[in-house]
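Have a look at the structure below, then the notes.
The values are calculated or read from the model by the stated rules, or taken from the named source; none is laboratory data. The structure presented is a predicted model; accordingly, all values stated were derived computationally and were not measured. Ideal geometry is used to build each Cβ from the backbone, glycine not excepted, and the neighbour counts take in all protein chains shown. Note: areas computed on protein heavy atoms with side chains; ligands, DNA, RNA excluded. Shrake-Rupley method; radii C 1.70, N 1.55, O 1.52, S 1.80 Å.
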Amino acid sequence: MSYFGNMRVDKHIKQALRPKTSLSVKLTGYFVLFGLIIGYTVFILSTAYSGKNLLENFSGSALSHIDFENMDLSNFDESEFHKKLEEVVQAVQTDNIPISEITAYINTGGSWMQRSLLGQNNDIHRPENNPLIARAVQKGIAFSGNPFWGKADTSRIYFHVPTDNSHTVVVSAAITRIGFTELLHGKKTELIGFGIILILGSFILGKIFAMSVTRPLRRLTEKALRISEGDTSISLPMRRRDEIGVLSRTMGQMNSDLSERLKAMEIMNRIDKAVLSSISRNDLLNRVIGFVCDYIDKSTAVMALRDDRGGGFELISAVKQSEPAILIENPYIPDELLTAETQKAFKTSSVFSEDRNLTEVLIKQLNLPKNTKRFYNVALYLQERYLGSLLIIKDDQMPFTEEQQNTLRKLGDQVGVAMQSVMAVEEVNSLQIGSIQALSRSIDAKSRWTAGHSERVAELSEMLGASIGMEELQLRRLVISALLHDIGKIGISESILDKPGKLTDEEFTIIKQHPELGYEISRNIPNYEDICDGIRYHHERWNGSGYPIGIGENEIPRFGRIIAIADVFDALSADRPYRAGLSLSDCYQFLDDKKGIDFDSELVEVFLDVMKSSNNYLNNPRSGFKL
């Protein structure tokens, strides 16, 4: 399972991430509250405006209906004046805002007279001390009263009446603004109906508004929760130009960056595991470039190791779209094909897009499209020593993003560290093989007739093992087993090993002890179980006639069956004190005759096919053959 599959949110955290209260419900509630506030505000403003408008209408109507200029104010006829004011009041006042009091202030010669024409005047100021009367005389009109907040109160207007020059007249009118409480007592049914309509209207409008706002947010929330559960393939951006669109695009970019970093972490984790399980440098590098191709979709990667002695780069492995790519035989990029600038650039992780010689070489080596123009070079270092480069080519020729380049550079650093570990293991393995080769040579040196025998058997065994698809680790253990297959002869006398004539039954019995002796010598070495199998069973025969146990067919471990064929082939082809070595065709014929009797038929057929189709072994001076 990948790193993404393991990235899961704990159920308690998942529950905490989910909203406790729906934003839609909150917005609807807020909208209803807002509607009630608006309704109350409309009541306040309409009452305040209506009151002021009423007073202004009263003053205007009074001035237009009553001829103050021709009125004899010295003989003030209060009843006539009152009658005319009542006509004005009836014309302008409303039921909701009644005119509760009208007073006339008359200055006839330096002193003021006050006449209440309607209702009772509650003004505590004397006319000469009333600043509103003075302001009305000066400005023409003046208002008194506090701002209306829904509580019943009184508001008053003072307006100057034009008369002859010897008199000054100011008329005041007061209105009673009905408060919300009084209105509720007086018109309860109407107010309840209006309130229900207001609440329902606010709720419906709030629901519509909330849904239009929360629908994209809800979709964004659901996608974010899926991302938190490990699904980084979710597409977040919305085609909106408002803040929600900006938020979705921002989250989409964050998700993309997170996905890239998680992929990089997964690749690094896989490289760490590959270091622990890889058995050779080539095995590690094959895995690494496969991981890189998994990270960069639709890409081709090739590992180019620096060859300072030969003066060039050896292409040792390639992967195309996560599958092994086919390289031409012995792929190599000599320095002659590279400019000095390119050779220098190889040592720095960067994008290559200009070097046509190198690009043409890679196109030919990797069978890339002819329009390939750019690739990314990841320089690999081991303790400041340049090892080579990992080259990545995008098949779609899209540019490498900054995030991809940063990740590839980090991968290059990690591969360098991994190479250090693998090379250390290779050095240990090389010392081990060298020690085993020295031991096998010392055994073979007991007889001049068997010099080099164990190494030739190891080479033949490796060739056969590789042909039947054995993995590299098993091949290495097979080679060790073949090198040590005759280690038991260390306890056999040279007089028997070099005897020119036929061995006696007693001598042959001694010879037949060497597989068991070799097994006893090596059995206590840790993790050598399968290696010991090749040492102990390489003289067993398919029909059960071999030694030392006498087992047959598939009871014989595979190492024993492989080494048996290689051992007999080398023994037949080499000279012995009692006979000359057989020809190549006679060796082939002997193995073919004995398949199914002494040897595994399938292995013999593979061995013969490989030997007949390959000149690598036969042209080796150590083999004894020259074609």
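For region 591-607, a residue qualifies if it is open to solvent by less than 70 Å² (accessible area, probe 1.4 Å) and outside any loop (DSSP other than H, G, I, E, B), and the qualifying residues are Leu591, Asp592, Lys594, Lys595, Phe599, Ser601, Leu603, Val604, Val606, Phe607. Applying the criterion of being at pLDDT below 75 and farther than 19 Å from Ile267 by Cβ to the residues of region 396-425, the residue that is surrounded by the fewest Cβ atoms within 10 Å (Cβ to Cβ) is Asp396. Could you tell me whether region 447-454 includes any residue that is assigned to a helix (DSSP H, G or I), modelled with pLDDT of 75 or more and open to solvent by less than 30 Å² (accessible area, probe 1.4 Å)? Among the residues of region 447-454, at least one is assigned to a helix (DSSP H, G or I), modelled with pLDDT of 75 or more and open to solvent by less than 30 Å² (accessible area, probe 1.4 Å), which makes the answer yes. Would a scan of region 459-473 turn up a residue that is touching a residue at least 24 places away in the same chain (Cβ under 8 Å), surrounded by fewer than 16 Cβ atoms within 10 Å (Cβ to Cβ), small (Gly, Ala, Ser) and not in a helix (DSSP H, G or I)? No, there is no match, as no residue in region 459-473 is touching a residue at least 24 places away in the same chain (Cβ under 8 Å), surrounded by fewer than 16 Cβ atoms within 10 Å (Cβ to Cβ), small (Gly, Ala, Ser) and not in a helix (DSSP H, G or I). Residues in region 522-533 that are at pLDDT 85 or above and over 16 Å from Ile433 (Cα atoms): Asp533 alone. Checking each residue in region 482-507 for being modelled with pLDDT of 85 or more and open to solvent by 70 Å² or more (accessible area, probe 1.4 Å) picks out only Glu506.
Residues that are closer than 18 Å to Ile468 by Cα and open to solvent by less than 50 Å² (accessible area, probe 1.4 Å) do occur in region 512-530, at least one of them. Hey, could you check region 352-384 for residues that are assigned to a loop (DSSP other than H, G, I, E, B) and open to solvent by less than 40 Å² (accessible area, probe 1.4 Å) and say which is modelled with the lowest pLDDT? Per the stated criteria, the residue is Asp355. Restricted to helices (runs of 4 or more DSSP H) entirely inside region 500-568, those with at least 1 residues that are without any contact (Cβ under 8 Å) to a residue 24 or more places away in the chain, over 19 Å from Val604 (Cα atoms) and hydrophobic (A, V, I, L, M, F, W, C) are 505-511. Residues that are touching a Lys or Arg at 6+ places or on another chain (Cβ under 9 Å) and of a type in the set (Asp, Glu): does region 555-573 have at least one? For region 555-573, residues touching a Lys or Arg at 6+ places or on another chain (Cβ under 9 Å) and of a type in the set (Asp, Glu): present.
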